[in-house]
Structures are given as C-alpha cells and as structure tokens.
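The values are calculated or read from the model by the stated rules, or taken from the named source; none is laboratory data. Fair warning: this is a prediction, and the values are worked out from it, not measured in the lab. Virtual Cβ from ideal backbone geometry, glycine too; neighbours counted across all protein chains shown. Just so you know, the surface numbers come from the protein's heavy atoms only, side chains and all, with ligands and any DNA or RNA stripped out. Shrake-Rupley method; radii C 1.70, N 1.55, O 1.52, S 1.80 Å.
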Amino acid sequence: MFDIEYRLWLLRRFSKLCLPPLAAVCTTLRLLEDSSNSLVPNSLIARTACYILSLPFYWAGWIQLSNWNNERRARKLGARLPPLIKSKRFGGLDLKERLVNGINTDYVGVVFDEMLDEVGADTARLSILWSER
C-alpha cells in the first residue's frame with residue numbers, strides 16, 4: 001500500500017502555516033460583526049481579501065519572531081550568533097543560485113569558502129527562503 005506519512009506531514013505543516021491567521025481573521029470579523037461596527041467588510045470579495053492578506057502578514061511575523069527568539073536565546077546563553085551572509089535578492093535566491101551553480105561546475109565547498117571570505121568569518125549563517133541553516 002501507499003505510505004501516508006508524507007501526507008500527514010504535509011497536512012500538519014499546512015495547518016501550522018495557514019490555520020492560525022485564518023482563524024484569527026475569522027474570529028475578528030465575527031466579533032466586529034456582532035458589535036455592529038461599520039468597518040466590517042460585507043462583500044465576499046473584501047472578506048476573501050482579508051483572509052488572503054492575513055497569510056503573508058502572519059508568515060512575516062512568524063519569521064521575525066523566530067529570528068528574535070534565536071537572538072534572545074543566544075544572548076541568554078552568553079553567546080553571539082555568527083554573522084549572516086547578506087543576500088542581494090528577495091529570499092536569498094541569489095545565494096541558492098550560487099550554490100547550485102557551484103555544485104554543477106565545481107566543488108560546493110569552494111562556493112561556501114568564497115561566501116565566508118565575503119563575510120570575513122570562519123562561520124556564518126545562511127538564510128535561503130527565510131530559513132536559516
């Protein structure tokens with residue numbers, strides 16, 4: 001039979017990423033609707049826009065909160081986080097492109113060595129698609 005573990009993982013991941021902002025918007029709209037506030041959008045298009053726009057705002061807040069939490073935990077332990085390799089494009093896609101090109105043309109360690117030389121450190125954080133590795 002089919003292994004369904006990946007489906008369960010996807011379902012859990014999707015619910016973690018999407019359900020909190022959608023539930024918050026739904027609850028907020030219901031509470032504002034009950035208080036007869038004129039700011040509540042009545043049209044289906046406006047409500048759909050509220051739901052859709054809540055997702056990127058939630059994700060951006062989640063990323064900022066996790067970055068802040070990592071820095072706070074490092075300070076609590078008396079440590080400093082390594083410097084972050086700066087990206088020139090949105091989401092660090094230029095770094096990903098450099099790494100993929102390095103795999104195709106040369107040893108990937110050469111690309112990492114070049115990135116570390118740019119930062120001027122022996123250890124650095126790499127953030128691609130807002131996930132630090």
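Shown for the chain: the carbon plus sulfur share of the solvent-accessible area, taken with all protein chains present and a 1.4 angstrom probe, equals 63%. In summary, the aspartates and glutamates within cross-link reach of K88, defined as a Cα separation below 12 angstrom excluding same-chain residues under 8 places away, comprise E97. Rounded to the nearest 10 square angstrom, R73 shows an accessible area of 130 square angstrom against a 1.4 Å probe.
Accessible surface area normalised per residue over the chain is 80 Å², counting heavy atoms of protein chains with a 1.4 Å rolling probe. In sequence order, the stretch 59-66 has phi-based couplings of 5, 5, x, 4, 5, 4, 5, 5 Hz under the Karplus curve 6.51 cos²θ - 1.76 cosθ + 1.60, θ = phi - 60°, and Gly or Pro positions carry x.
Note on F14 and W59: the extension gain reaches 15.0 nm, defined as 0.36 nm multiplied by sequence separation minus the Cα-Cα distance. Taking the chain on its own, what percent of its Cα-Cα pair distances exceed 18 Å? Beyond 18 Å sits 71 percent of the P(r) for the chain. Each Cα pair under 8 Å and six or more residues apart adds its separation to the average, and for the stretch 27-133 the resulting relative contact order is 23 percent.
The chymotrypsin sites (Phe, Trp or Tyr not before Pro) of the stretch 41-82 include none that meets both criteria, a DSSP state outside H, G, I, E and B (loop) and at most 13 other C-beta atoms within 10 angstrom of the site's C-beta.
Partners of K76 within straight-line reach, counting lysines whose Cα lies under 29 Å from its Cα and excluding those fewer than 8 residues away in the same chain: K16, K86. For the stretch 5-30 versus the stretch 89-108, the inter-centroid distance based on Cα atoms is 32 Å.
Starting from 0.36 nm per residue, how many nanometres of slack lie between E114 and R98 once their C-alpha separation is accounted for? Working shown, then result.
On the way: separation 16, 0.36 × 16 = 5.76 nm, distance 1.03 nm.
Fully extending the segment from E114 to R98 adds 4.7 nm.
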